[in-house]
Amino acid sequence: MSEKKTSIPEASTVDLRGKQSVRATFKLSERAIDYLSLVAVHLGIKQKSLFDHLIDDAPALRDIAATIHLRKFNRIDRVQKTYVLSRKTLEVLELISNDLDTPRDALVEYSLHKLEAVIQGEKKRHEQRKRLFKDLMAHWEEGKDLLEKARKTLGEDDPFCLEIQRSMGALTRTTKELSAFIEKSRVIEQY
């Protein structure tokens, strides 16, 4: 019997070190903290992944640095918060911060504000989901009425009725799951 060899992708130690998680503390506005938390929870994305996406792009970070007004930034009430991010992301952040003589906290703050567009888009989608859910509930009510009519007409044990009942069971589970999803998403309405 021959042994099956498993191969793993080649990776350099630099690549592997870049994926290591590190902790970093920033002083950020409550709004920026809320943006990060909301997007992470609502979209089911880890905060570390969001940081990687927002900060790991050096050219975009340089563009953000060009828009920072330090006087305005220094007037923002901020709180200290520690996050987990990849070593590579932290290195990019440090590099841009040093190169452009821009505070690291300001780069993170302004990067997190880019999430506002995502939140506004999700807010619109949430409203559309609520309208569609209302339509789905009307469909569920019609299905319930049809099942009752079929039972009266054909009898409860008729195969036709049993299939409608099975279908209604699936639809009921779906409406419960979607109702829970919409309820969980209501947090986005306040933004």
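Please treat every number below as a calculation from the coordinates, not as lab data. Owing to the predicted nature of the structure, the values given are computational and were not obtained by experimental measurement. Neighbour counts are summed over all protein chains in view; Cβ atoms, including those assigned to glycine, are modelled from backbone coordinates with ideal geometry.
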Which numbered condition trips up residue 188, out of (1) over 30 Å from residue 31 (Cβ atoms); (2) touching a residue at least 24 places away in the same chain (Cβ under 8 Å); (3) not basic (Lys, Arg)?
(1)
Can you find even one residue in segment 71-88 that is buried (at least 19 other Cβ atoms within 10 Å of the Cβ), within 22 Å of the chain's Cα centre (by Cα) and in a helix (DSSP H, G or I)?
no
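Quick one: in segment 94-105, of everything that is free of Cβ contacts under 8 Å to residues at least 40 places away in the same chain and not in a loop (DSSP other than H, G, I, E, B), which residue is surrounded by the fewest Cβ atoms within 10 Å (Cβ to Cβ)?
If we filter segment 94-105 for residues that are free of Cβ contacts under 8 Å to residues at least 40 places away in the same chain, which is where we start, we get 94-103.
Filter once more, keeping what is not in a loop (DSSP other than H, G, I, E, B): 94-99.
Numbers: 94: 13, 95: 12, 96: 20, 97: 18, 98: 10, 99: 12.
The qualifying residue surrounded by the fewest Cβ atoms within 10 Å (Cβ to Cβ) is 98.
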Go through segment 35-59 and count every residue that is without any contact (Cβ under 8 Å) to a residue 24 or more places away in the chain and either in a helix (DSSP H, G or I) or crowded, with 17+ Cβ neighbours inside 10 Å (or both).
5
